[in-house]
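Heads up: the structure comes next, in structure tokens.
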Amino acid sequence: MNTLRNLLFAGILMVAAACETNNIFNELGTTDGSIVANVYLETFAPSLQAGITKDLEVQYWSLDDRFDYLGLWDYVTVTREYIVTVEGVEFSTSENEDFQDWTEVSTYNFDFADWDPELSAYKRSISYDIKEAYDNATAGSDELTADQYLAAAPENYLADMYSHYTSNLSRATLNELMLEYEVMTQAEFDGHYAESGFLTTDGRAAMEAGLAQIGAKELVGDSYSITSEYAITLAFRATNSTGEYNESRRSFLVF
């Protein structure tokens, strides 16, 4: 899960780029030729704990020295990992989905007193409450029925699972399953293997169909779970006299 999680999170970071300097001559924001405000939200740890309040500092500046809007927004995604174990062999798959679209968290009044001559920018302290609901959570058979688990699983999950177990269960285990559930006779089972000892192309398809005939509920029993991990992107937005906002984004995982 960690490898996939890191890849997904790297994708989030790529779309969460922000200005890293307050040199207005190097980093002038433009929208349709208009010079928008410049914004810098401080960096922080890539993972933060659910239930805490994170204090942050934001800097902003504009050539017209006018700010009609200052606000903090958040965007939340969730990565869910689906795990089952059949005859001691694990199968897992993950999906990343939007959990909450961009939502305004707080707005702030502009104040000339926030000007910092050393930074040549306005500076403001803000805070963000990380909801307890975004804590990592794992739901297994104590929380979900097998039907609920399978209904929540991603598209093509069952086909991928049957393919996985056709490839990763031993011949002896597959043999036992096919005979126990009376899906195949011994002769039929043996006929799906070539002289090399490997499944033929038709044999692989027959084995996947046989597992599907047994059914996911029978195969997994109560050995299944869904783990949810949330990622949050914060954006501080500032609108100057152009009427267009510019923003600085930072993303983090919640643990």
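The values are calculated or read from the model by the stated rules, or taken from the named source; none is laboratory data. Everything numeric here is computed off the predicted structure, so don't read it as measured data. Using ideal geometry, Cβ is built from the backbone for each residue, glycine included, and neighbour counts are taken over all protein chains shown. Ligands, DNA and RNA are stripped out before the accessible areas are found, and what is left, the full protein with its side chains, is counted by its heavy atoms. Shrake-Rupley method; radii C 1.70, N 1.55, O 1.52, S 1.80 Å.
Observations
- For a modelled paramagnetic label at VAL105, 7 Å from Cα along Cα-to-Cβ, the residues of segment 223-255 in reach, with backbone nitrogen under 11 Å, are 232-237, 250-252.
- Mean shadow area of segment 142-222 over all directions, Cα convex hull, nm²: 5.7
- With the simple model of a label 7 Å out from the Cα in the direction of the Cβ, GLN49 to TYR193 spans 5.4 nm.
- Taken about its Cα centre, segment 142-222 carries a charge dipole of roughly 240 debye when the Cβ of each Lys and Arg holds +1 and the Cβ of each Asp and Glu holds -1.
- Each Cα pair of the chain feeds into the Kirkwood radius, which the Stokes-Einstein equation turns, at 20 °C and 1.002 mPa s, into a diffusion coefficient of 97 µm²/s.
- Neighbour net charge for ASN156 - beta-carbon separation under 14 angstrom, K R +1, D E -1: -4
- Once the Cα atoms are used to define both axes, helix 2-14 deviates from the longest principal axis of the chain by about 30 degrees.
- In this simple spin-label model, placing a label point 7 Å from the Cα along the Cα-to-Cβ direction at both GLU118 and GLU155 gives a separation of 5.5 nm.
- Computed on the chain, with alpha-carbon pairs under 8 angstrom and 6+ residues apart, the relative contact order is 34 percent.
- The alpha carbon centroids of segment 91-123 and segment 138-152 are separated by 35 Å.
- Angle between the chain longest axis and helix 201-214 axis [Cα atoms, degrees, rounded to 10]: 80
- Nearest 10 degrees, 0 to 90: helix 171-180 Cα axis against the chain principal axis: 70
- Ordered from highest to lowest accessible area with the whole protein assembly present and a 1.4 Å probe, ILE226, ILE35 read as ILE35, ILE226.
- Remark: segment 142-222 carries 58 Å² of accessible area per residue (probe radius 1.4 Å; ligands, DNA and RNA excluded).
- 30 Å Cα-Cα reach of LYS131 towards lysines, excluding residues that sit fewer than 8 places from it in its own chain: LYS54, LYS123
- Computing Rg and the Kirkwood Rh from the Cα coordinates of segment 52-188 gives a ratio, Rg/Rh, of 1.30.
- The tail of the calculated P(r) for segment 141-188, taken as Cα-Cα distances beyond 13 Å, holds 68 percent of the pairs.
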